[in-house]
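One structure is given here, and the rest of the page talks about it.
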């Protein structure tokens with residue numbers, strides 16, 4: 001759709017005005033120019049092609065994958081023995097100490113060693129402790145984590161649905177740079193090409209991910225759900241597991257933008273208040289025992305424990 005003269009006059013000398021004035025109208029008209037073809041089971045090739053490549057069918061594909069995941073997780077829980085729940089047992093031992101009245105972080109421990117997770121972990125797994133009959137009903141915990149997996153998957157699907165790529169095209173000058181264009185930019189078309197639904201499929205193919213959620217009942221799923229749910233829930237996510245601190249630079253930048261220098265300092269001071277809690281919950285110098293690692297078994301124990309590495 002060519003930009004009309006009135007829009008050009010309003011945006012003369014200001015290319016950003018041209019973009020903002022035309023983007024929404026072109027988006028809607030572009031959708032009108034290319035109506036979404038109806039899906040039909042009698043045209044299987046077109047059906048599959050549209051489901052995989054047309055963003056208009058994004059949520060149809062997401063819904064199909066969601067149904068497959070419900071069935072798959074149900075089969076995993078029913079058919080695959082839950083043999084690797086040593087972490088779950090350790091979690092329950094650690095929170096049981098807290099529930100018995102112990103609040104000194106240095107004295108809370110389980111079979112795998114001392115408690116090394118922040119307070120949010122303690123509160124969440126304390127609730128799970130009671131829900132799962134003092135941690136003994138692991139099957140009930142598996143159903144809970146299946147629900148968490150599906151909830152997390154839905155949030156990630158929603159994040160993907162908002163992603164879009166903007167394709168700029170000019171009939172007279174292909175590849176016009178809007179940031180350096182002027183009011184005489186001819187026949188400019190703006191297309192919004194959103195990501196195709198097939199990108200959702202790899203999200204459901206991880207054997208490791210299914211194991212972490214419904215067979216091992218790790219605390220990572222809780223932390224990652226809180227992170228994906230909203231950027232503003234960052235603090236809650238960190239309270240579950242400290243590897244979420246890898247995302248802290250971006251979160252810190254947001255605090256800096258909204259709170260300024262002194263506000264950022266205040267926020268950091270609040271985080272650093274309790275020393276004994278901090279020493280164990282965020283103990284970066286601690287050494288993880290080699291026998292409990294899964295992802296680093298390709299290293300020998302000496303290399304794994306080496307401070308140089």
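Conditions tested, residue by residue: (1) in a helix (DSSP H, G or I); (2) in contact with a helix residue (DSSP H, G or I) (Cβ under 9 Å, 6 or more places away or on another chain); (3) in contact (Cβ under 8 Å) with a residue 24 or more places away in the chain; (4) crowded, with 18+ Cβ neighbours inside 10 Å.
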site: 117; (1), (2), (3), (4): no, yes, yes, yes
site: 121; (1), (2), (3), (4): yes, yes, yes, yes
site: 124; (1), (2), (3), (4): yes, yes, yes, yes
site: 129; (1), (2), (3), (4): yes, yes, yes, yes
site: 135; (1), (2), (3), (4): no, yes, yes, yes
site: 142; (1), (2), (3), (4): yes, yes, yes, yes
site: 145; (1), (2), (3), (4): yes, yes, yes, yes
site: 150; (1), (2), (3), (4): yes, yes, yes, no
site: 153; (1), (2), (3), (4): yes, yes, yes, yes
Out of 255, 244, sole residue that is surrounded by 12 or more Cβ atoms within 10 Å (Cβ to Cβ), within 14 Å of the chain's Cα centre (by Cα) and at pLDDT 70 or above: 244
message: Looking for something modelled with pLDDT of 70 or more and in contact with a helix residue (DSSP H, G or I) (Cβ under 9 Å, 6 or more places away or on another chain) - is there at least one such residue anywhere in segment 228-235?
response: yes
field: So residue 35, is it in a loop (DSSP other than H, G, I, E, B), over 25 Å from residue 240 (Cα atoms) and at pLDDT 75 or above
entry: no
- prompt: Hey, among the residues in segment 195-209 that are under 13 Å from residue 69 (Cβ atoms) and either surrounded by 14 or more Cβ atoms within 10 Å (Cβ to Cβ) or modelled with pLDDT under 90 (or both), which one's nearest to the chain's Cα centre (by Cα)?
  reply: 203
message: When you scan segment 171-181, do you find a residue that is in contact with a helix residue (DSSP H, G or I) (Cβ under 6 Å, 6 or more places away or on another chain), surrounded by 13 or more Cβ atoms within 10 Å (Cβ to Cβ) and at pLDDT below 85, even just one?
response: yes
task: Say whether the condition of being modelled with pLDDT of 90 or more, in a loop (DSSP other than H, G, I, E, B) and within 16 Å of residue 127 (Cα to Cα) is met by at least one residue in segment 76-98.
output: no
task: Would you be able to say whether some residue in segment 63-78 is surrounded by 14 or more Cβ atoms within 10 Å (Cβ to Cβ), more than 27 Å from residue 162 (Cα to Cα) and within 25 Å of the chain's Cα centre (by Cα)?
output: yes
- prompt: Restricted to segment 100-115, and to residues that are out of contact with any helix residue (DSSP H, G or I) (no Cβ under 6 Å at 6 or more places or on another chain) and either part of a loop (DSSP other than H, G, I, E, B) or at pLDDT 95 or above (or both), which residue is surrounded by the most Cβ atoms within 10 Å (Cβ to Cβ)?
  reply: 102
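The values are calculated or read from the model by the stated rules, or taken from the named source; none is laboratory data. Everything numeric in this text was worked out from a predicted model, so none of it was measured. As a convention, Cβ positions derive from the backbone with ideal geometry for all residues, glycine included, and neighbour counts pool all protein chains shown.
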